Amino acid sequence: MATIFSKIVAGEIPCYKVAETEHCFAFLDINPVVPGHVLCIPKKEVDYIFDLDDELFTELHLFAKRVAKGLKKVCPCIKIGEAVVGIDVPHVHIHLMPLNKPGDLNFAHHVEMTPDELSALAARIAAAIE
């Protein structure tokens, strides 16, 4: 059965897309830890990041780096944090989050954002990605 992320890539479930390449996809998390919380995924459905072949593993990380640079231009922060947890959805995903303090990378806390806020933020991030 396809994961929720595969359904997002296929267009079966809407998302707030910020970037896409032939093999990778990035979109805003709809339950963000901080505003600007982005998920970068391979389009290929693989459960565990270290099961990716070397080429896709490298491509995904370079894609995440490019997204992070655009994200930092839009979301005021000290750094963009990266986390790979891989427990909640069986599809590789890299969390990118604007950080201003260590507690900003706490998955126990979330912020509320309206669909309009998410849509506007996604558009600004997408425009900032080179």
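The values are calculated or read from the model by the stated rules, or taken from the named source; none is laboratory data. Not measured: the values here are computed from a predicted model. Neighbour counts are summed over all protein chains in view; Cβ atoms, including those assigned to glycine, are modelled from backbone coordinates with ideal geometry. Ligands, DNA and RNA are stripped out before the accessible areas are found, and what is left, the full protein with its side chains, is counted by its heavy atoms. Shrake-Rupley method; radii C 1.70, N 1.55, O 1.52, S 1.80 Å.
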Surface share of carbon and sulfur [accessible, 1.4 angstrom probe, percent] for the chain: 57
Largest to smallest accessible area among L52, L62, L105 [probe 1.4 Å]: L62, L105, L52
Go through region 1-100 and name the GluC sites (Glu not before Pro) that are in a DSSP coil and have 12 or fewer other Cβ atoms within 10 Å of their Cβ. E12, E22
Where in region 57-77 does the label zone of T21 land, with the point 7 angstrom along Cα→C-beta and an amide N cut-off under 18 Å? 57-72
Dipole magnitude of the chain about its Cα centre (Cβ charges: Lys, Arg +1; Asp, Glu -1), debye to nearest 20: 580
The helix 115-128 Cα axis meets the longest alpha-carbon principal axis of the chain at an angle in degrees, between 0 and 90 and rounded to 10, of 80
So if the hydrodynamic radius of region 7-105 is defined as the Kirkwood radius over C-alpha pairs, what does Stokes-Einstein give as its diffusion coefficient at 25 °C and 0.890 mPa s, in µm² per second? 180
Quick check on the chain: helices-only [θ] at 222 nm, where DSSP H runs of length 4 and up contribute -39,500 (n - 2.57) each and the sum goes over total residues. Nearest 500, please. -10000 deg cm²/dmol
For M1 and L62 in the same chain, what is the full-extension length gain: residue separation times 0.36 nm, less their Cα-Cα distance, in nm? 19.1 nm
Degrees between helix 54-74 axis and first principal axis of the chain (Cα, 0 to 90, nearest 10): 20
